[in-house]
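Here the structure comes first, spelled out in structure tokens, and everything after it is commentary.
The values are calculated or read from the model by the stated rules, or taken from the named source; none is laboratory data. What you see is a predicted model, and the numbers here were worked out from it, not measured in a lab. Every residue, glycine as well, gets a Cβ built from its backbone with ideal geometry; the counts of neighbours run over all protein chains shown. Note: areas computed on protein heavy atoms with side chains; ligands, DNA, RNA excluded. Shrake-Rupley method; radii C 1.70, N 1.55, O 1.52, S 1.80 Å.
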Amino acid sequence: MANLGPDGQSWFRRFHTAPQGAPRLVCFPHAGGSASSYLQLSKELSASLEVFAVQYPGRQDRRGEPGFASMTALAERIAEVIAPLLDRPFAFFGHSMGAIAAFEVARLLEATGGRTPRALFASGRRAPTTSRDESVHKRDDKGLIDEIRQLSGTDSRLFDDEEIVQMILPALRSDYTAIETYEYRPGPDVSCPIVALAGDADPRVSIEEAQQWKQHTADVFHLETFRGGHFYLNDQVAQVARTVTEHLGSAAGS
């Protein structure tokens with residue numbers, strides 16, 4: 001178990017034990033998501049990987065902290081606290097907003113002479129250099145919640161509880177502000193393999209947009225598609241876990 005210290009303990013969650021010395025997979029949640037969104041993936045991978053999930057501020061046990069409305073600031077802060085997890089081989093997995101967070105943290109680590117992931121798994125997110133005109137973060141509260149309902153990533157019954165809605169709205173708005181105002185800054189990308197994962201019916205990411213992740217690595221690129229929409233991962237956990245282990249096995253042997 002990594003010695004995270006008090007600061008790191010607030011940022012990372014581990015749900016399952018793994019074999020001693022197992023490589024680590026650090027998972028970055030989607031906008032409005034929490035570390036617990038990776039509970040099932042962690043369970044599926046626990047026989048071979050030690051899975052840690054990032055807990056962004058502004059949600060669950062960190063709901064009293066302000067969220068980050070800037071992807072750059074969020075990535076910089078995670079890069080500052082992640083060092084204790086990098087003392088053995090590791091990889092990053094990010095879904096939706098988390099894919100960009102993972103990518104930017106990986107870039108920062110390389111730029112500062114830090115460790116390089118074995119692989120970067122970019123799920124449910126178009127490549128950094130592709131853009132759409134999105135302004136969900138400017139909507140009123142109802143409009144913001146309607147977006148989440150449409151993507152079907154959260155049990156819609158939660159939104160019938162006004163107390164829960166008021167608890168999640170601040171983090172949701174800051175996350176959407178961060179990802180929708182994100183602008184790719186040209187410069188060195190990553191030197192590890194990138195594996196893009198996409199749902200074949202995702203309204204937020206076309207296969208062509210996911211394919212463009214290949215521009216952001218100096219190593220090999222793979223695209224894996226799954227049946228489903230933006231949150232295909234919820235229904236395809238076993239298949240995604242198999243994809244992760246297969247690619248990490250290839251990366252270890254390359």
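The residues of the chain expose on average 45 square angstrom of accessible surface per residue, using a 1.4 Å probe on protein heavy atoms. Computed over segment 1-58, the convex hull of the alpha-carbon atoms projects to a mean area of 3.8 nm². Note on segment 65-131: semi-axes of the ellipsoid equivalent to its C-alpha gyration tensor, largest first and rounded to whole Å, are 19, 16, 11. The accessible-area ordering, largest first, of the residues 214, 142 stands as 142, 214, per a 1.4 angstrom probe. At the residue level, residue 167 shows approximately 90 square angstrom of accessible surface with a 1.4 angstrom probe and all protein chains present. Computed from the alpha carbon positions, the gyration tensor of segment 183-232 leads to an equivalent ellipsoid with semi-axes of 22, 13, 7 Å, biggest first.
Per residue, the convex hull spanned by the Cα atoms of the chain measures out at 116 cubic angstrom. In the chain, taking the dipole from charged Cβ atoms about the Cα centre, the farthest positive-side position among 211, 46, 35 is held by 46.
Taken along its three principal axes, the alpha carbon spread of segment 1-140 comes to 47, 31, 27 Å, from the longest extent down to the shortest.
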